[in-house]
Amino acid sequence: MVFRKPNVLLPIELSILEAGILLIREGAPEFHGYAIATVIRDQEEGRRLTAHGTLYRALDRMEKAGLLKSRIEDAEVAAFENRPRRRLYLVTAQGRKAAEAARIEQRASSVTTRKGLEPR
Amino acid sequence: MTAIQIRRRSFFAAAAARWAAIYTAGLPEAARERRLLQVESDIWEQEADGMAEGLAPARVGFDIFERTVRGIPADILWRFQLEGPKVQFNIPFERITGAMLLLLIVLVFASTSMAGFDPARDTWAEELALLGDQPGWQTDANVFFWMLCGVALVGVAAAFYRAIQHASPGLATLAAFAMATCGVLVLISASMYRSMVSLAAEFVDNPAEPGILTASRSLALAIEALQLGIIVLLGVGVFSLALAAHRERLLPRWQGRLATVSAVLVAAAVVSGAVEPWDDTANWLLMMGGLALMVAWLVIAGFTLLLNRKPPADRSMAPATTPA
């Protein structure tokens, strides 16, 4: 049951994609859930860490939509660091295009709003 | 990267992990494992982050818990969206059996506490007067509660039969028969008790009425006899369950021995009670010891089955390997 327009990203999805793209630029293309939550928190001032339910539901949804792909890390890596195995996500080309399209649309709508507010 | 010691998890962080286990219960294994791994990894990372920042473990745990609570509606929605309109809670039968064993403890206490009076001949008039002075609501509440226990015992019998008949048909039949019969006896005892208290009220109004003492004492003695039957049948039922659980390797061997000792003590009490007067101290100690061990087994086995955890293939910490 989805109540949303098709091909429209939800705010959390856009935040995840933008944070993922930022990490790609910083040389860390793959990210796990907690890492992306901290990047989103740091980018958006005053925001708390995204709740587990919201975050992982969005990540799973985006993976199904082809915006992300994921893999489970090697057991040996996790064992060496004595921690649970991470599920690592990567923004796909489709995800980058979707994020770019959403940014363009956001800019366009903010320009329209500004034009509407300008004194005549 | 250096190896990091396994940390002692705070209460709040453990509660957050437990919530994930609860809302994913009964899901297909792959979907469940995926979500549990995501959450466990996240909790671990947040704890490690908090430690690195020098935050108190309780504070980190609380932050994790607060994050979990904010996501509860999304978790529940995710669950329903995953399963579609037909939601199936495929809870392992071990957990259901464990919960029923714990329920049985309540029923054991309730069913064996009905005879709260002394039907000895020389003091019966006083006992009856006390029963007659009992407030009506108290009698009604007692009777209602015991009837509920009787019905619950029959229901539990059916549930146990359904749960274990595929694995141990003979023991399932024996346990179900014993508990269902016990439930019926509890229902009969409750009815008799109601009749006895009615006679007690009449006795208080008219102590000289002939026959009331005899009739009410007959009912009291019958209730006492039924109580013995209830205890024996409960013992048979619980022992059958213990045998079935042991046979299916659901419980450790020492728990099976505990159930056996309790059954032996109850049986010894019943046999010696038939030979010696029932109020003999040794009989009483044997019976109380047997019942106490039976309740102890129900508690231990109930929680063992209810909290039965089968760690997933990927979720547990993989053993450390020597780097090449």
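A few comments on the model shown:
- Test: residue in segment A:35-46 that is touching a Phe, Trp or Tyr at 6+ places or on another chain (Cβ under 7 Å) and farther than 24 Å from B:Pro73 by Cα: no
- Scanning segment A:23-40 for residues that are part of a helix (DSSP H, G or I) and at the interface with chain B (Cβ under 8 Å from one of its Cβ atoms) returns A:Gly33, A:Tyr34, A:Ala35, A:Ala37, A:Thr38.
The rows are residues; the columns are (1) facing chain B (nearest Cβ under 8 Å); (2) assigned to a helix (DSSP H, G or I); (3) in contact (Cβ under 8 Å) with a residue 40 or more places away in the chain; (4) over 16 Å from the mean Cα position of the chain (by Cα).
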{"residue": "A:Glu13", "(1), (2), (3), (4)": "no, yes, yes, no"}
{"residue": "A:Asp42", "(1), (2), (3), (4)": "no, yes, no, no"}
{"residue": "A:Arg47", "(1), (2), (3), (4)": "no, no, no, no"}
{"residue": "A:Thr54", "(1), (2), (3), (4)": "yes, yes, yes, no"}
{"residue": "A:Ala58", "(1), (2), (3), (4)": "no, yes, yes, no"}
{"residue": "A:Gly66", "(1), (2), (3), (4)": "no, no, no, no"}
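- Unmet criterion (only one of (1) out of contact with any Leu (no Cβ under 7 Å at 6 or more places or on another chain); (2) under 30 Å from B:Leu128 (Cα atoms)) for B:Gly183: (1)
- Considering only residues in segment B:197-210 that are not in a helix (DSSP H, G or I) and not hydrophobic (A, V, I, L, M, F, W, C), the one that is surrounded by the most Cβ atoms within 10 Å (Cβ to Cβ) turns out to be B:Pro207.
- Matching option when the condition is buried (at least 22 other Cβ atoms within 10 Å of the Cβ), at pLDDT 80 or above and in a helix (DSSP H, G or I), among B:Leu213, B:Leu234, B:Leu286: B:Leu234
- Scan segment B:62-74 for residues that are open to solvent by less than 40 Å² (accessible area, probe 1.4 Å), farther than 19 Å from A:Glu63 by Cβ and facing chain A (nearest Cβ under 7 Å) and the total you get is 2.
- Of the residues making up segment B:24-54, not one is away from every other protein chain (no Cβ under 12 Å) and either open to solvent by less than 10 Å² (accessible area, probe 1.4 Å) or closer than 15 Å to A:Arg41 by Cβ (or both).
- Segment B:237-254, subset modelled with pLDDT under 80 and farther than 21 Å from B:Ala157 by Cβ, residue surrounded by the most Cβ atoms within 10 Å (Cβ to Cβ): B:Pro252
- Count of residues meeting criterion [modelled with pLDDT under 85 and part of a helix (DSSP H, G or I)] in segment B:17-52: 0
- Flag for B:Arg59 being of a type in the set (D, E, K, R), surrounded by fewer than 16 Cβ atoms within 10 Å (Cβ to Cβ) and not in a loop (DSSP other than H, G, I, E, B): yes
- Residues being of a type in the set (D, E, K, R) and open to solvent by 40 Å² or more (accessible area, probe 1.4 Å) - total across segment A:72-84: 2
The values are calculated or read from the model by the stated rules, or taken from the named source; none is laboratory data. Keep in mind that what you see is a predicted model, and the values were worked out from it rather than measured. Every residue, glycine as well, gets a Cβ built from its backbone with ideal geometry; the counts of neighbours run over all protein chains shown. Side chains are part of the model used for accessible areas, which takes the heavy atoms of the whole protein and leaves out ligands, DNA and RNA. Shrake-Rupley method; radii C 1.70, N 1.55, O 1.52, S 1.80 Å.
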